[in-house]
Protein chains: 2
Amino acid sequence: MRVSLKDVAAHAGVSVKTVSNVVNKYQHVTPATREKVQRAIDALGYRPNLTARHLRKGRTGIIALAVPELGNPYFAELAGAVVDAAAAHDYTVLLDHTQGSRERELLVTQGFRARVIDGLILNPLELEAEDLAARTDDAPLVLIGERRYDLPHDHIAIDNIAAARTAVRHLLDLGRRRIAFLGARGDRPSQPSHLRLLGWQAELAASGVTADEALVAPVEGWDRADGAAGMAALLDAGHRPDAVFAYNDLIAIGAMRVMSERGLRVPEDVAVVGFDDLTEGRYGAVTLTTVAPDKQAIARLAVESIVERLAGEGGVGATRRLHPGFALMERESTLGRRPAN
Amino acid sequence: MRVSLKDVAAHAGVSVKTVSNVVNKYQHVTPATREKVQRAIDALGYRPNLTARHLRKGRTGIIALAVPELGNPYFAELAGAVVDAAAAHDYTVLLDHTQGSRERELLVTQGFRARVIDGLILNPLELEAEDLAARTDDAPLVLIGERRYDLPHDHIAIDNIAAARTAVRHLLDLGRRRIAFLGARGDRPSQPSHLRLLGWQAELAASGVTADEALVAPVEGWDRADGAAGMAALLDAGHRPDAVFAYNDLIAIGAMRVMSERGLRVPEDVAVVGFDDLTEGRYGAVTLTTVAPDKQAIARLAVESIVERLAGEGGVGATRRLHPGFALMERESTLGRRPAN
DNA sequence: ACCCTTGCTTCCAACGTTATACAAGACGGA
DNA sequence: TCCGTCTTGTATAACGTTGGAAGCAAGGGT
């Protein structure tokens, strides 16, 4: 049997609203009354019903996070960070994954669990700008991830072009010249890996190295198996890169496995740089050099964006494009194993 | 501006309840009325307010999942499976992680987001039986994971003892005799890794192999770094196992990294078996032999347990102990690399 | 023609909470 | 003494939804 404000009020001999006032720490309550009510609350074990409170106040205290795939450690780690960041603002996280399907991404933007959420953090892969423009739900939406849209929603993402250039710069500094980009996908200019590919091109161009388009290797997806298949295809086609810049760590890991099977040494024959800084990359036989986006910052900024827009009662403040930091983690896949270690 | 049943009713020229009836697919509504209402719904873009519905019906359509750590791929993959299983029953998943802290686990059982959830799936690590017994919240609770409690809650977990025995059996069949167990923790008989340790002991005993307690190696946590530290300590103590059965894949991966650094070959010098079948284990330089719990089944059974108890209007049906299947995935860390592959 | 049934719709109340308006008393200043 | 102001508590009305009862036609049996 549930105990409500009414029960507490009856038990304490005051009105329902007075109990509500005590619960909500309303200022003007005599200490005597307050204590009397508190005693009744403790005696009955009263817990507020958040659903009713939310119906009344119009807020649920829940924000949704929609990522492509929880099985991808990057998104899992990010989800963990979002849960923590949300908790800091007394929000809880409702989770969904879109499996990288445009349809599911669309569904999520059109009102994930209709009205139970105060805001939505979405990492789109396939969604197009017109899909987002057609959105009717009015809960604040924050976009994260590499894709960019020219739309009135906050967007949180590291500077992907600069990050990619840093990775390629590192490989160039090591003397590599035939640097493959592993992770192209589709022909659209807005393909998900667009920016990192641009960074690859830009840094090569800036260094006067001819970008060999044959070294832009496509993948079918973003997982280890896709990286393995993509790398195998590249090698089967007769190409011999001396370095690989992978779209993400999973692809890099799959590629390294294939190289290991074929007797290619990392980094002696082929240096590898990934992207995401998964914990996984720090424990392989060859630890992975990678670009580390600041996941905590991404999560924190995304949550704060929603909290602020909710507090701001509507369109206060212009759309923001925030760029958390990143760092290049130099490890064995480019430097080789340190003898001292 | 939000549109409610009232708005739709006014627009369609019928009562609020009739609109509600249409929305809920109530049988006795004339096709004409139904269509008229439907048109109004479409015109106004009405979406039901789940908070209000919940207040009235007592259900939210949300189940919570609390796991120790989302950064652990096992839990991330499991969370993904739970999201999918829940979606099959029109439920959405609210996520939290407990960081393996007893306090946070306790908080979660005592009414995660007070009353907004219909049920809770919890994977406890540190929680004690008395904590669970003291629980006041009456939403259905399903436990998953290795730890067992003699309490009236459904529990979904593979047969950990049998699974551990299978793993050890595999190592024995390969001729290994000095098999370490890497992943003991604390002295409590109810320590989290209890059952797998029991399985290790049982299978050794059944095979007439003396269990060397010096080969039961402790770890500080469940991640790769803990496995690395535990393995290093074991080796530093002068022990030379010819096989390692690790509590989970992450520990096994950490241990393999340490062995690689020290020039020990896997599996020639030391064979390794893990537990969880993380995708990660399939792409290392040495792929990992591991026990694969049926994660889809665990997720499905956990969700179904909650759905059934909610449908059953209270204590219908006795407490269940369900054991989804598992399989031993034999890979390079015990078999060596196949030349053909 | 009457009543009874059946089918559809409406009205009302309730879920537990908080906002608003207001009442009752206390207090200080003129 | 009286009036305004401040403090504290109460009564009532919402928030959006659904369950149950009641209303109201139309149709069939007698």
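Tabulated data for the structure shown
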{"read-out": "Enumerated strands (runs of 3 or more DSSP E) restricted to the range A:105-186, each holding at least 3 residues that are touching a residue at least 40 places away in the same chain (Cβ under 8 Å)", "value": "A:119-122, A:154-156, A:179-184"}
{"read-out": "Top-ranked residue in the range B:166-216 [being open to solvent by 50 Å² or more (accessible area, probe 1.4 Å) and among the acidic types (Asp, Glu); ranked as modelled with the highest pLDDT]", "value": "B:ASP173"}
{"read-out": "Verdict on B:GLY145 being assigned by TED's automatic domain parsing to the domain that holds B:ALA76 and crowded, with 19+ Cβ neighbours inside 10 Å", "value": "yes"}
{"read-out": "Number of the exception - A:PRO124 against (1) open to solvent by 40 Å² or more (accessible area, probe 1.4 Å); (2) more than 14 Å from chain B (Cβ to nearest Cβ)", "value": "(1)"}
{"read-out": "Single residue of B:ALA87, B:ALA66 found to be at the interface with chain A (Cβ under 9 Å from one of its Cβ atoms), more than 16 Å from DNA strand C (Cβ to nearest atom) and either under 30 Å from B:ARG224 (Cα atoms) or among the hydrophobic types (A, V, I, L, M, F, W, C) (or both)", "value": "B:ALA87"}
{"read-out": "Positions within the range A:217-244 being aliphatic (A, V, I, L, M) and either part of a loop (DSSP other than H, G, I, E, B) or open to solvent by 30 Å² or more (accessible area, probe 1.4 Å) (or both), in sequence order", "value": "A:VAL219, A:ALA225, A:ALA229, A:ALA233, A:ALA237"}
{"read-out": "Matching residues, the range A:36-47, being surrounded by 15 or more Cβ atoms within 10 Å (Cβ to Cβ) and more than 11 Å from DNA strand D (Cβ to nearest atom)", "value": "A:GLN38, A:ALA40, A:ILE41, A:LEU44, A:TYR46, A:ARG47"}
{"read-out": "Within the range B:1-14, tally of residues that are loosely packed, with under 15 Cβ neighbours inside 10 Å and farther than 22 Å from A:THR136 by Cβ", "value": "1"}
{"read-out": "Index of the failed condition, B:LYS17 passing every other in (1) within 16 Å of DNA strand D (Cβ to nearest atom); (2) facing chain A (nearest Cβ under 10 Å)", "value": "(2)"}
{"read-out": "B:THR33 part of a loop (DSSP other than H, G, I, E, B) and either away from DNA strand D (no atom under 11 Å from the Cβ) or open to solvent by 40 Å² or more (accessible area, probe 1.4 Å) (or both)", "value": "no"}
{"read-out": "Residue pairs meeting the criteria (Cβ under 7 Å; at least 6 apart or on separate chains; first on the phi > 0 side of the Ramachandran plot, in the range A:34-50; second within 12 Å of DNA strand C (Cβ to nearest atom) and open to solvent by less than 70 Å² (accessible area, probe 1.4 Å))", "value": "A:GLY45/A:VAL3"}
{"read-out": "Selection within the range A:243-254 - more than 9 Å from chain B (Cβ to nearest Cβ) and closer than 15 Å to A:ALA217 by Cα", "value": "A:ALA243, A:VAL244, A:PHE245, A:ALA246, A:TYR247, A:ASN248, A:ILE251, A:ALA252"}
{"read-out": "Hits in the range A:279-297 (condition: within 14 Å of chain B (Cβ to nearest Cβ) and either within 21 Å of A:GLY199 (Cα to Cα) or among the polar types (S, T, N, Q) (or both))", "value": "A:THR279, A:THR287, A:LEU288, A:LYS295, A:GLN296"}
{"read-out": "Filter pass, A:ARG257 being within 13 Å of chain B (Cβ to nearest Cβ), over 23 Å from the mean Cα position of the chain (by Cα) and touching a residue at least 12 places away in the same chain (Cβ under 8 Å)", "value": "yes"}
{"read-out": "Test result for A:LEU204, under 25 Å from the mean Cα position of the chain (by Cα), assigned by TED's automatic domain parsing to the domain that holds A:ALA228 and not β-branched (Val, Ile, Thr)", "value": "no"}
{"read-out": "Output for the range B:44-94, where each listed residue is touching a His at 6+ places or on another chain (Cβ under 7 Å) and under 16 Å from B:GLU304 (Cβ atoms)", "value": "B:VAL83"}
{"read-out": "Residue count for the range B:1-14, restricted to those that are outside any helix (DSSP H, G or I) and within 10 Å of DNA strand C (Cβ to nearest atom)", "value": "2"}
{"read-out": "Test result for A:ALA237, away from chain B (no Cβ under 13 Å), under 27 Å from A:HIS194 (Cβ atoms) and without any contact (Cβ under 8 Å) to a residue 60 or more places away in the chain", "value": "yes"}
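Residues are listed down the side, and each one gets a yes or a no for (1) at pLDDT 85 or above; (2) in contact with a strand residue (DSSP E or B) (Cβ under 7 Å, 6 or more places away or on another chain):
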{"position": "B:TYR91", "(1), (2)": "yes, yes"}
{"position": "B:THR98", "(1), (2)": "yes, yes"}
{"position": "B:THR109", "(1), (2)": "no, yes"}
{"position": "B:ARG113", "(1), (2)": "no, yes"}
{"position": "B:VAL116", "(1), (2)": "no, yes"}
{"position": "B:LEU120", "(1), (2)": "yes, yes"}
{"position": "B:ASP131", "(1), (2)": "yes, no"}
{"position": "B:PRO140", "(1), (2)": "yes, yes"}
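Residues are listed down the side, and each one gets a yes or a no for (1) over 14 Å from the mean Cα position of the chain (by Cα); (2) part of a strand (DSSP E or B); (3) at the interface with another protein chain (Cβ under 8 Å from one of its Cβ atoms):
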residue: A:GLN27; (1), (2), (3): yes, no, no
residue: A:ASP42; (1), (2), (3): yes, no, no
residue: A:THR51; (1), (2), (3): yes, no, yes
residue: A:ARG56; (1), (2), (3): yes, no, no
residue: A:THR60; (1), (2), (3): yes, no, yes
residue: A:GLU77; (1), (2), (3): no, no, yes
residue: A:VAL93; (1), (2), (3): no, yes, yes
residue: A:GLY100; (1), (2), (3): no, no, no
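Each row is one residue, and each column tells you yes or no for (1) open to solvent by less than 30 Å² (accessible area, probe 1.4 Å); (2) more than 8 Å from DNA strand C (Cβ to nearest atom); (3) in the same structural domain as A:ILE117 (by TED's automatic domain parsing).
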| residue | (1), (2), (3) |
| --- | --- |
| A:VAL16 | no, no, no |
| A:VAL19 | yes, no, no |
| A:ASN24 | no, no, no |
| A:GLN27 | no, yes, no |
| A:ASN49 | no, no, no |
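Let's see how each residue does on (1) closer than 30 Å to A:GLY281 by Cα; (2) modelled with pLDDT of 90 or more; (3) among the hydrophobic types (A, V, I, L, M, F, W, C); (4) in contact with a Cys (Cβ under 8 Å, 6 or more places away or on another chain):
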residue: A:VAL14; (1), (2), (3), (4): no, yes, yes, no
residue: A:GLU35; (1), (2), (3), (4): no, yes, no, no
residue: A:GLN38; (1), (2), (3), (4): no, yes, no, no
residue: A:ARG59; (1), (2), (3), (4): no, no, no, no
residue: A:ALA86; (1), (2), (3), (4): yes, yes, yes, no
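The values are calculated or read from the model by the stated rules, or taken from the named source; none is laboratory data. Computed from a predicted structure; not experimentally measured. Positions of Cβ are backbone-derived with ideal geometry, glycine not excepted, and every protein chain shown enters the neighbour counts. Protein only, heavy atoms only, side chains kept; ligands, DNA and RNA dropped before computing areas. Shrake-Rupley method; radii C 1.70, N 1.55, O 1.52, S 1.80 Å.
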